[in-house]
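The values are calculated or read from the model by the stated rules, or taken from the named source; none is laboratory data. All values derive from a computational prediction rather than experimental measurement. Glycine gets a Cβ as well: all are built from the backbone with ideal geometry, and neighbour counts include every protein chain shown.
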Amino acid sequence: MGFFAPWFLAGAVAVGLPVWLHLLKRHKTDPKQFPSLMFFEYRETSSVKHRRLDYLLLFALRTLIVLLLALLFASPFIRRSAASLDGKRLTVVAIDRSFSMRDGDHMARAKTQALQVLGALKPGDQAQVIALSGQVQALTQISADPGELRAAVAAVQPGDNRASFGELARYLRTVSEAQRMPLEVHLISDLQKSAMPPGFVDLRLDPNTNLVFHALAGAEKNWAVENVVAPRRIYDPKRVKLIATVVGFGAPAAKRTVTLVLNGRELQSKSVDVPANGRAQVEFAGLDAPYGFSKGEVHIDAADALAGDDRFIFSVERGDPRKVLLIDDGRRPRAELYLSAALDASGDGGFQLEPMRAAVATGANLANYAFAILNDVSNVPAPLESSLQRYVNAGGSLLVVLGPGAAVLPRVPVLDETIQKSTYAGREGERFLTVTDIDAGHPALRSVDRFNAVKFYQAIRVTATKSRVLAKLNDATPLVLERSIGEGKVLAFASTFDAISNDLPIHASWVPFIAQAALYLGGGGAEQSVNLKVDSYVELRTGDNKTAAEVLDPDGKRVLSLEEAVKARNVALDREGFYEIKTAAGRRSLVAAHADRSESDLTPIPEETLDLWKRTGTAGAAGEGGPAGAAEAADRPWGLWPYILLLLLGVAVAESVVANGYLRSSAPVRDSLKREAA
């Protein structure tokens, strides 16, 4: 027995109050008038009888009330096993259906063990069957129907997802809180180490949760194609390079044959020596892909039981170089030269610069361009700005370059930010400005080396109220700004590209900046990858565009309902294969989803870690398979305050009845004494 608040026991000293009421305050002498004391004899009178307790039953009840109040506030409890409260227990059968369960006969053995657990249940015992992967899927409600439970076990099939024991622990805590009964959980899995969460605290189980492990296999050797690095788009097949990584998990050194396949046609095949428990890379030069989307695959010769990771799928798109519209007034020809050279040097030749004067660009079909560049134009016709705004709202991208020409404008076109003034480097000090604050994680600035050693002599100061500042100069002038408008985006650079207002075009940061910005604006950056892991999400819309999106799964079936097609902002890739996607902005892509290669590492969780996990839910759990090996549920504190409160109410009622009786019996006596005194 214990107390949640033992300091309230100090209130028991209030038991002195009934003593004072029944002993010290009881004796009271009423003064009487008398004409003279000369006829009275002096004598000492003993007061012992006045110190005797009277109304003993009433005194006992009042004392008990004080003691019960102190005990109630101290909140006593006893430790009692929850299993002993009503004898009920919920059995949860958790079957691992992650990608690694495709290894050999793991799934068949898992089903057999699950049926054995269900067969050991007594009539009326409640159970639930759940499937474990990246998320927990409840295959049945809590049921005592053996037929329903067995049918759920038979329906489990291995998936392409990664297992997460952290999600399992979170689900079990939820069930424990909702059901208020002990849990006996049978986890049937290969117990991969890769399924562990980052922190052990995420594995915490509620008390009275007995976790029983059914390990299907130990460490096994396994070779896999871990990754394929391929371009999203191909413009010149001869300039394409693909790099495939082959890995061996717990495997000896071996020679593997690696084959490149495109649209079901074998293109190249090479041999590679994979070191023991290590990695090796294979490079394929050239990719003869037809125009449009192509489905690619790199696979190795099978040498283990887990054949699913012997292949790695990817998608590519063949097309002509995309045109980039350069809108300027012809006053800065060097900017066109530097931009064209940077795009040609970017590696894949995916962009082709097309210059055009502002007056002519008003009637151009902007939808034919990957993105547009507005290069320091001092006079932007209203029809051109309206056309650019519609283009961006529909999903297009615009790069606005600001210089002396744009300084005369009241605001930045399309970006709609106020232009304050031109800022110049002072004659004192180093006489130039540098970049001091930059978002190096942004896709357009990821490889610019923070514009190190680039000197800026002039910049246009813009008030950033609607835009996000990505880079600043050392005088706090925003250098790179970005704003999302509708389905598209606008990027602004507050200096020129002609090596006059700055020397950026002659620095090593120039080509990476233009190349990454072009990929980001043109829709080919890493943030829009088409080769993703299963359980990844693909963005369908960014604004309030109500145009229907479309997603076809690897079987060619529609993934979205009619309502989801006009409202969903993203879609999850829940299985391996190729997905055909059309976004709300009208862009089409072929996305390849592949299983997480952490599932290829079959190394099991150490026994000591499993024991620690098991002990978070029970004290001294046995952990053997089957119901007989389950440990007793841990004791929980059981509060006694409801019983004490009921007893206190009963004593209070009894005290009221007894006190009322004493008061009524003493009333006539008091009246007679008053009459005698009168």
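Among the criteria (1) within 21 Å of Ala361 (Cβ to Cβ); (2) touching a helix residue (DSSP H, G or I) at 6+ places or on another chain (Cβ under 7 Å), the one Leu409 does not fulfil is (2). Scanning the stretch 425-435 for any residue that is of a type in the set (Val, Ile, Thr), touching a Leu at 6+ places or on another chain (Cβ under 8 Å), in contact (Cβ under 8 Å) with a residue 12 or more places away in the chain and over 13 Å from Leu374 (Cβ atoms) turns up at least one such residue.
Of all residues in the stretch 227-271 being assigned to a strand (DSSP E or B) and among the small types (Gly, Ala, Ser), which is farthest from Ala302 (Cα to Cα)? Lay out the reasoning, then the answer.
Looking only at the stretch 227-271, we keep the residues that are assigned to a strand (DSSP E or B), and these are 227-229, 233-234, 241-249, 254-262, 265-271.
Then drop every residue that is not among the small types (Gly, Ala, Ser), which leaves 244, 248, 254, 269, 271.
Working: Ala244: 16, Gly248: 12, Ala254: 12, Ser269: 14, Ser271: 13 Å.
Filtering first and then ranking leaves Ala244.
The helices (runs of 4 or more DSSP H) falling completely within the stretch 311-394 that include 3 or more residues that are surrounded by 14 or more Cβ atoms within 10 Å (Cβ to Cβ) and within 37 Å of the chain's Cα centre (by Cα) map to 382-393. Number of residues in the stretch 50-103 that are at pLDDT 85 or above and in a loop (DSSP other than H, G, I, E, B): the value is 4.
Hey, any hits in the stretch 397-418 for a residue that's part of a helix (DSSP H, G or I) and either farther than 23 Å from Arg483 by Cβ or of a type outside the set (A, V, I, L, M, F, W, C) (or both)? Break it down stepwise before answering.
From the stretch 397-418, those part of a helix (DSSP H, G or I) are 406-408; that's our starting set.
Narrowing further to those that are either farther than 23 Å from Arg483 by Cβ or of a type outside the set (A, V, I, L, M, F, W, C) (or both): none.
Scanning the stretch 397-418, I find no residue that is part of a helix (DSSP H, G or I) and either farther than 23 Å from Arg483 by Cβ or of a type outside the set (A, V, I, L, M, F, W, C) (or both), so the answer is no.
Does Pro443 meet the test of being in contact with a Gly (Cβ under 8 Å, 6 or more places away or on another chain), assigned by TED's automatic domain parsing to the domain that holds Tyr520 and surrounded by fewer than 23 Cβ atoms within 10 Å (Cβ to Cβ)? Judged against the criteria, Pro443 is a match.
Among the candidates Thr547, Thr616, Thr542, the residue that is closer than 30 Å to Ala74 by Cα and modelled with pLDDT under 95 is uniquely Thr616. Taking Thr465, is it of a type in the set (S, T, N, Q), out of contact with any His (no Cβ under 6 Å at 6 or more places or on another chain) and part of a strand (DSSP E or B)? The answer is no for Thr465. Going by what's in this entry, would Leu211 be described as at pLDDT 90 or above, closer than 26 Å to Leu612 by Cβ and more than 25 Å from the chain's Cα centre (by Cα)? Yes; evaluated as a whole, the condition is true for this residue. In the stretch 120-149, of all residues being assigned to a helix (DSSP H, G or I) and free of Cβ contacts under 8 Å to residues at least 24 places away in the same chain, the one that is nearest to Gln179 (Cα to Cα) corresponds to Glu148. Report the residue count in the stretch 161-179 for those that are touching a residue at least 40 places away in the same chain (Cβ under 8 Å) and basic (Lys, Arg). So the answer is 1. Here Ala303 fulfils each of the conditions (1) in a loop (DSSP other than H, G, I, E, B); (2) in contact (Cβ under 8 Å) with a residue 60 or more places away in the chain; (3) crowded, with 19+ Cβ neighbours inside 10 Å apart from (3).
For the stretch 416-440, a residue qualifies if it is of a type in the set (Asp, Glu) and buried (at least 19 other Cβ atoms within 10 Å of the Cβ), and exactly one does: Glu417.
If only one of Asp145, Asp125 is in contact with a Lys or Arg (Cβ under 8 Å, 6 or more places away or on another chain), surrounded by fewer than 18 Cβ atoms within 10 Å (Cβ to Cβ) and in the same structural domain as Phe213 (by TED's automatic domain parsing), which one is it?
Unique residue meeting the criteria: Asp125.
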